[in-house]
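First comes the structure, then the notes that go with it.
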Amino acid sequence: DLNSPPRQEELNNVNSFLVNSSSVIEGSSDFWFSAYLNWASQTAPYAAAYVAANNTMTDEGLFYDGLQAFFNTSSGNRYAGDVQFQNDQNPQEGIFASRSAAQIGATEFSGTGQDRYDAMQNVRDDLARAMVYDDARAFANSFIFWERFGFIRDELVKNLAIALAVMASIVFLLIYTLPIVASVIIAIGATVLDVWGMAYFWGVQINFVVTIFLLIAVGLSVDYSAHIGHAFKEAKGTVEERLVEAVKGTGPPVFNAIFSTWVSILILANAQTYIFIVFFQMFTLTTLLGGFHGLVVLPVLLTFFGSDNVDEPKQEPIELKEGTSTAVKEIV
């Protein structure tokens, strides 16, 4: 029960947290408990149960009766919605739940997602230290969205690893030549890494929208690399000859795919909605960097990891004319 002195001391700690915490904006909190005790200490008969030394009330009956009376006053009426009694008709049964409002320094537009997540956790940790019975919870509607920043980076890395593993398996089934497969996977992985890095310098923060587009980038970059790798596998000749044939035959279609994909999203270049802005940014990076790694980086990798594919010349059978000596036949 909140009327007991130990629990009231906890509420005093919560009030101290609201007033003194660096996470809470100064003057933004208005706690019903401190307002009530301030009123009770000056109002008979409740003042008789008030102990100024530890800012608590010692009489349970007076605590609950005074609280109900306080909510009916002009100064306490605004706090009535902050306390829910077990039984509104009989406040002596105790308090079921209560709340207090305060404003923290972090907002939807302050810092990075990680900064907002850290601010939320700091508030929760400070409140947990104030309320040792673990009855208090810090909550705001924004916290629903800030929660994701605590785990989205790890989830993104895990999902990218799974996507790359799946792509590697599919590429291997199509090409089934390990050096070429390794080159294609390196090109795809480098594309995703570069897209992630360039997105940061373009001001794109990691969130669930960017996560989806990064995973899509894995699939798109496969098109720009796998076709070149497959063409190289099928080509004959030395490494240089195979590269020329692969890039000459497959390069133009790949370039057309890159260019047409980028042109198709140009309409979003002046978009004002966040999801479309990020869509344009991420797809621009994916097409340009994916095309660069497929048409430039991958051929370079194949010069190191590729090998010649030259058919051995077939020996024509020697036809012996009539009259050839037996000795000659035996030599042949």
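The values are calculated or read from the model by the stated rules, or taken from the named source; none is laboratory data. Just so you know, these numbers come straight off a predicted model, no measurement behind them. Cβ atoms come from the backbone with ideal geometry, glycine included; neighbour counts cover every protein chain shown. Please note that ligands, DNA and RNA were not included when accessible areas were found on the heavy atoms of the full protein model with its side chains. Shrake-Rupley method; radii C 1.70, N 1.55, O 1.52, S 1.80 Å.
Within segment 168-190, take every residue that is surrounded by fewer than 21 Cβ atoms within 10 Å (Cβ to Cβ) and of a type in the set (S, T, N, Q) and give me the one that is modelled with the highest pLDDT. By that ranking, first place goes to Ser169. Among the conditions (1) over 27 Å from Ile206 (Cα atoms); (2) of a type in the set (A, V, I, L, M); (3) open to solvent by less than 40 Å² (accessible area, probe 1.4 Å), the only one that Ala128 does not satisfy is (3).
Would you check if there is a residue in segment 39-46 being open to solvent by 30 Å² or more (accessible area, probe 1.4 Å), in a loop (DSSP other than H, G, I, E, B) and closer than 16 Å to Gln92 by Cβ? Yes, segment 39-46 contains a residue that is open to solvent by 30 Å² or more (accessible area, probe 1.4 Å), in a loop (DSSP other than H, G, I, E, B) and closer than 16 Å to Gln92 by Cβ. Among the residues of segment 129-143, what is the count of those that are at pLDDT below 80 and either within 14 Å of the chain's Cα centre (by Cα) or part of a helix (DSSP H, G or I) (or both)? Summing the residues that are at pLDDT below 80 and either within 14 Å of the chain's Cα centre (by Cα) or part of a helix (DSSP H, G or I) (or both) in segment 129-143 gives 2.
When residues of segment 155-167 are filtered for being open to solvent by 30 Å² or more (accessible area, probe 1.4 Å) and in contact with a helix residue (DSSP H, G or I) (Cβ under 8 Å, 6 or more places away or on another chain), how many remain?
Adding up the residues that qualify gives 4.
Number of residues in segment 13-35 that are under 15 Å from Ala136 (Cα atoms), over 31 Å from the mean Cα position of the chain (by Cα) and of a type outside the set (S, T, N, Q) equals 4.
Of all residues in segment 93-132, those satisfying the criterion of being in contact with an Asp or Glu (Cβ under 9 Å, 6 or more places away or on another chain) and of a type in the set (Lys, Arg) are Arg99, Arg116.
Give me a count of the residues in segment 22-32 that are at pLDDT 80 or above, in a loop (DSSP other than H, G, I, E, B) and either open to solvent by 70 Å² or more (accessible area, probe 1.4 Å) or not aromatic (Phe, Trp, Tyr) (or both).
So the answer is 6.
Just one of the listed residues (Leu193, Leu243, Leu288, Leu215) is open to solvent by less than 40 Å² (accessible area, probe 1.4 Å) and in a helix (DSSP H, G or I), and it is Leu243.
Taking segment 54-72 on its own, how many of its residues are surrounded by 14 or more Cβ atoms within 10 Å (Cβ to Cβ), outside any helix (DSSP H, G or I) and not charged (D, E, K, R)?
Summing the residues that are surrounded by 14 or more Cβ atoms within 10 Å (Cβ to Cβ), outside any helix (DSSP H, G or I) and not charged (D, E, K, R) in segment 54-72 gives 4.
Condition test on Val254, is it surrounded by fewer than 21 Cβ atoms within 10 Å (Cβ to Cβ), within 26 Å of Val166 (Cα to Cα) and among the aliphatic types (A, V, I, L, M)?
For Val254, the condition - surrounded by fewer than 21 Cβ atoms within 10 Å (Cβ to Cβ), within 26 Å of Val166 (Cα to Cα) and among the aliphatic types (A, V, I, L, M) - is not met.
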